Structure formats: structure tokens, C-alpha cells
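Peer 1: Structure below; questions to follow.
Derivation of every value follows stated rules applied to the coordinates shown; laboratory data play no part. None of the values given here were measured: they were computed from a predicted structure. Note that each Cβ is placed from the backbone with ideal geometry, even for glycine, and that neighbours are counted across all protein chains shown.
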Amino acid sequence: MITYILYTALAGLALLVLLPRLKTRYFFQDLSFAISSIKIAISLNTIKKRKPFYSILDGFLDKVAKHPHKKFIIFEESSYTYSQADKESNKVARALSTHAGLKEGDTVALFLGNEPHFVWLWLALTKLGCISSLLNCNIRSKSLMHCFSCCDAKFLVAGADLKQAVEEVLPTLTEQGVRVFILSEHCEVEGIESLSDKVQLTSDQPLSPQLRANVNIKSPALYIYTSGTTGLPKAAVIDHEKLWMASFFQSIAAVRSDDVLFMYLPLYHSSGFLIGLCGAIERGITVVLTRKFSASNFWNDCRKYNVTVIQYIGEIMRYLCNTPKRDNDKDHKVRLALGNGLRSDTWEDFLQRYGDICICECYGATEGNVGFVNYCGKVGAIGKENFLHKMGYKYALIKYDTEKEEPVKNSKGFCIEVPKGETGLFVGKIEKRAPFGGYAKNHQQTEKKKLRDVFVKGDLYFNSGDLLKIDKEGFLFFQDRIGDTFR
Ligand SMILES: *[C@@H]1O[C@H](CO)[C@@H](O)[C@H](O)[C@H]1NC(C)=O
């Protein structure tokens, strides 16, 4: 009741601020976005204050208690309820704790594709207070070792299908004293231990929260690898706060508890893992997981599983639009698409062909500190400014010299904000509410993403590397990406 009154009051307040803008076309969308942002800010604040610390894992466990028999993951011909997922992850956690001696604070590299075990492993590691490093399952040899070495992991768990890739780097791993496990029942290779047999023999009883007693909102939760335009991948440090923040994106996009999310994007990237999986847990919804994207099966899968929400990256939508037209193109239940990188022409093609699907384009780097959502369905825009954004976050588009590859400075040596409608480099002020976690063991790259003395002496901004434009109505448009090498 109190929260209801609070929300009403806040909605009233938002209305008051927006009233002078009633003339604008997007008034109601602005208002509804403002209200959901305020709700989320309240939830996040409550989470931050809770003692003991309430992690996304606790959010999952609450969903397990609330609807144990609801389907959580559907994969190929199998499905797993929230309760089954909980029990599976208890077994994995117990097996890893007994046979690998894992304890709070350890980092474990996960090297597997999209399959339910990815989720069980992550839940298991979180139950033990461990940090998961999400390796791209397509990398091999030198790149694999580079990524593995970024985060000081002493353990590697690999999918059964990646045995050969692990064998290639096994001598180096063994030399470094890394314990290597594989998700199969036996393994004859010396230096690789089987895990599935051990999991099967273990109890599925819950684990004590004491095992993760020292984890707090600022503790690292994950490493996610981002590949810049140049150089080797970097491991972005994702703490529990960021995990929560990203998980609320589905709520902003108005995903409902009865939605079914189609997850074919890789779980080792932030769209799949943070927005997709963590968001699904926050909403308590059903996820249809597939190994990878298939343009020819896409809509059949959506029909088969009653999918209502899809995630995308720009190219995926283009592939879908490039498939031969069919009579049943509009016969599906998909009502919402979340993602980024959708170009105007594909956007229009997609809507025309597949029907009235609400497209929610968003902008924000894995490691970035300020993000935007295009909650108005404005074709081509990657986001919209909102008065709340302006109140909450400091960001700017600054003049950038593409020839010299550096920001343009004024006579006092400070950066210059571009006028409305002009292209500039997007920078977000790094502060308590908009932190930049940096990259693991890579001070140089972390520093490279920071801009100092931008508008005043001593200020600090995150350099997105993206050239954007903001129009008069506050819509953001992507223009170009600059190399991440700064002179
Ligand atoms: C999809 O929805 C239809 C009709 O609402 C229902 O009969 C069918 O069982 C559902 N399929 C799945 C996989 O949930």
C-alpha cells in the first residue's frame, strides 16, 4: 500500500516536471519511462540497503520459492522448472566444492556454448561466492590463453564438445597449475577431470548462504570479454551492482512475467547474459535457449515455443529480412524485440514483414557507465534522452577531430560540447552512481577509456568511442565508431 502511494506521488511529481512539455509528441512515453525508471531506482536502492546483501542469485531463489514449477529453461526437447534449475545448480556447486575445493572469491573460467549447464554452472559458482569468467567458446589457442589469463582463474570448466580446444592449450594450463574440468562422464586425457559423473552422484540439497557471506554489491560477479576495434579482447569487470542494473532493462522495456524470451545470442556476451538471462531472472520468466541463431528455424521456433520476446543485434534482423518471404510471416506471438544496432532500412522492412512488433533499441557498452533506451519506437534512434537522465547522469557529446583522432580543445584546454544536431564523441561522467569497472589486469586499457579534465580540472569521463548525434526531440543516433587508440 505504502509503495502504491509512493508511486502515485512520484508519478504526480513526474507529471509536474513534464507538464510544460505536454505539447511534445512523446509526452506519454516520456512519462511512462520516467515512472518505470523511478520504480527501478527505488528497487535498486532497496537492494543496496538490504543486509545481508541481496544478490541476483537471491532474486532467483525467491523466484524458485514463488513459482517452483514454472518453466525456467526450455532447451531442445527438454525443459527445466525454476526448482529443477535450483537443484541442478546445487549439485554442480557441491561437486565443485568437494572435488575442486572451490571457495568464496575464487575465479572460474567457463568455456562452453549455450546449453543449460552454462546457467547451472553460473548459479553454482554464485552460490559458492565465486566469480565466473565467461570465455567466448569460439576462441582457440593463443586468444584462448590470452583471455583465460586476464582474470587470474585457477579453474577452467569446459563443455564436452570443446575437449579438443582444451587439449590444445592443456600443457600451458597444467604448467600454470590450473585445474581443468570437462562436462562429460569420463575423460581419459591426463590433466582433464570429468565433472558430469561427480555431479550426478551429489546431493541436490541447498547450500548455506554462509559460503558467500563476504560477497557484497561491489564484489566482482563476472568477467565479460569485449573486443574493441583494435587489439586483443579485454575482460570487463562486472560487479553485482552492474548485474542488478542490467537485469532491470527488461522491466524498462515492459517485459511481463508471462512472457517467453527467445535466447539464441551467446551467453558469454553482455546482451545474452546480462540483459537476457539476468533480466529473465529478475522478471521470473521462461527462457527458450538455443545453441545458436538459425535464420531458417527462427520463426518456427518462435511458433513452437510461443515466444513473445526476442533479443537482437542488427545483423540478425538483416538475416531474417533476407530469408525468402512466406505466407505465415506474421503468424507468431512475438510482441517485443530488444537489442541494438538495428538500421533504419532493416527496421522498416522488419516491421512490414513480421507485423506490429514493438522494437526497443538500446545503447550502452558492456563496460559503459551511461545507457539509453529508445522507448518510443522511433525508427533509427538508439535511445532517447529523458529529463530523468539529465538529472541523474552527466554525459555529453564533445567535438572530435577524426583526422587527429582526438577531442577538440578550446583555448583553455577543455573539451567543447557540440550543439544539438551535430555529431560528437559520447562521454559519460564517471562517478559513484555511474561507475566504470575497468578491465581486469589491464591498467593501460582501463586508463585509455578514461578522459580527464574534460570540462573542468580534475573531472573524469568514460570515453565510449562512439560518435553520436542528438536531435531536437532528444533522440540519439549512432554515427560512427572510432578506434580505441588514443594518442
Ligand atoms: C502455445 O500456446 C498454445 C495456445 O495458447 C497452446 O495450446 C500450446 O500448448 C502452447 N505451447 C507451448 C510449447 O507452450
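Peer 1: Enumerate the lysines that K394 could reach by cross-link, defined here as Cα to Cα under 17 Å, with residues fewer than 8 away along the same chain left out.
Peer 2: Filter leaves K384, K420, K429, K432, K449, K450, K457, K469.
Peer 1: Convex hull over the alpha-carbon atoms of segment 385-487: what's its volume per residue in Å³?
Peer 2: On the way: hull volume 11.7 nm³, N = 103.
With only Cα atoms used, segment 385-487 gives 114 Å³ per residue.
Peer 1: Right, another one. Kindly provide the GluC sites (Glu not before Pro) of segment 33-100 that DSSP labels as loop, not H, G, I, E or B, and whose Cβ sees at most 11 other Cβ atoms within 10 Å. If you can, show how the numbers build up before the last one.
Peer 2: Working: sites: E76, E77, E88; in loops: E76, E77.
Taking segment 33-100 and a limit of 11 other Cβ atoms within 10 Å, the loop GluC sites (Glu not before Pro) found are E76, E77.
Peer 1: Based on alpha-carbon centroids, what's the gap between segment 42-83 and segment 412-487 in Å, whole number please?
Peer 2: 35
Peer 1: List the GluC sites (Glu not before Pro) within segment 172-242 that fall in a DSSP loop (any state other than H, G, I, E or B) and whose Cβ has at most 16 other Cβ atoms within 10 Å. It would help to have the intermediate numbers written out before the result.
Peer 2: On the way: sites: E175, E185, E188, E190, E193, E241; in loops: E185, E188, E190.
For GluC sites (Glu not before Pro) across segment 172-242 that sit outside H, G, I, E and B with at most 16 neighbouring Cβ atoms in 10 Å, the list reads E185, E188, E190.
Peer 1: Now for a different question. Based on DSSP H runs of at least 4 residues, each adding -39500 (n - 2.57), what is the mean residue ellipticity at 222 nm of the chain after dividing by all its residues, to the nearest 500 deg cm²/dmol?
Peer 2: Values: 16 runs with 165 residues, N = 487.
Dividing the helical sum by the residues of the chain leaves -10000 deg cm²/dmol.
Peer 1: Could you sort out which of K163/K448; K71/K441; K325/K378; K234/K399 sit more than 32 Å apart by Cα distance in this structure? Don't skip to the end; give the middle numbers.
Peer 2: Values: K163/K448 36 Å; K71/K441 39 Å; K325/K378 25 Å; K234/K399 27 Å.
From K163/K448; K71/K441; K325/K378; K234/K399, over 32 Å: K163/K448; K71/K441.
Peer 1: Using unit Cβ charges (K, R positive; D, E negative) and no other charged atoms, how large, in debye to the nearest 20, is the dipole of the chain about its Cα centre? Mind showing how you got there, number by number?
Peer 2: On the way: 63 positive and 53 negative charges, 336 e Å.
Charge dipole of the chain: 1620 debye, to the nearest 20.
Peer 1: Determine the sum of side-chain charges near Q164: Lys and Arg each +1, Asp and Glu each -1, restricted to other residues whose C-beta is under 14 angstrom from that of Q164. Intermediate results must be reported in sequence, preceding the final value.
Peer 2: Details: positive: R140, K163; negative: D161, E167, E168, E188.
Around Q164, the charge tally is -2.
Peer 1: Here is a further query. What is the magnitude of the charge dipole of segment 385-487 about its Cα centre, with +1 placed on the Cβ of each Lys and Arg, -1 on the Cβ of each Asp and Glu, and no other charges, expressed in debye to the nearest 20? Present the calculation step by step, with values, prior to reporting the outcome.
Peer 2: On the way: 20 positive and 16 negative charges, 94 e Å.
Value, rounded to 20: 460 debye.
Peer 1: What does DSSP give for the chain in terms of the percent of beta bridges that are antiparallel, rounded to the nearest 5? Provide the component values of the computation, followed by the final result.
Peer 2: Numbers: 40 of 76 bridges.
Close to 55 percent.
Peer 1: Could I get the Rg over Rh figure for segment 14-129? Both from C-alpha atoms, Rh via Kirkwood, rounded to two places. Mind showing how you got there, number by number?
Peer 2: Numbers: Rg = 20.2 Å, Rh = 17.4 Å.
When Rh is taken as the Kirkwood radius, the ratio is 1.16.
Peer 1: Could you pull out every one of the aspartates and glutamates with an alpha carbon less than 13 Å from that of K39, ignoring same-chain neighbours closer than 8 positions?
Peer 2: Those aspartates and glutamates meeting the cut-off do not exist here.
Peer 1: May I ask you to work out the translational diffusion coefficient for the chain at 4 °C, viscosity 1.567 mPa s, via Stokes-Einstein with Rh from the Kirkwood sum over Cα pairs, reported in whole µm²/s? Before the final figure, lay out each step's value.
Peer 2: Details: Rh = 23.8 Å.
Taking Rh from Cα pairs, D becomes 54 µm²/s.
Peer 1: Right, something else. How big is the dipole moment of segment 226-359 about its Cα centre under a simple scheme where the beta carbon of each Lys and Arg is +1, that of each Asp and Glu is -1, and everything else is neutral? Debye, nearest 20, please. Intermediate values should be presented prior to the final figure.
Peer 2: Numbers: 16 positive and 14 negative charges, 58 e Å.
In total the dipole reaches around 280 debye.
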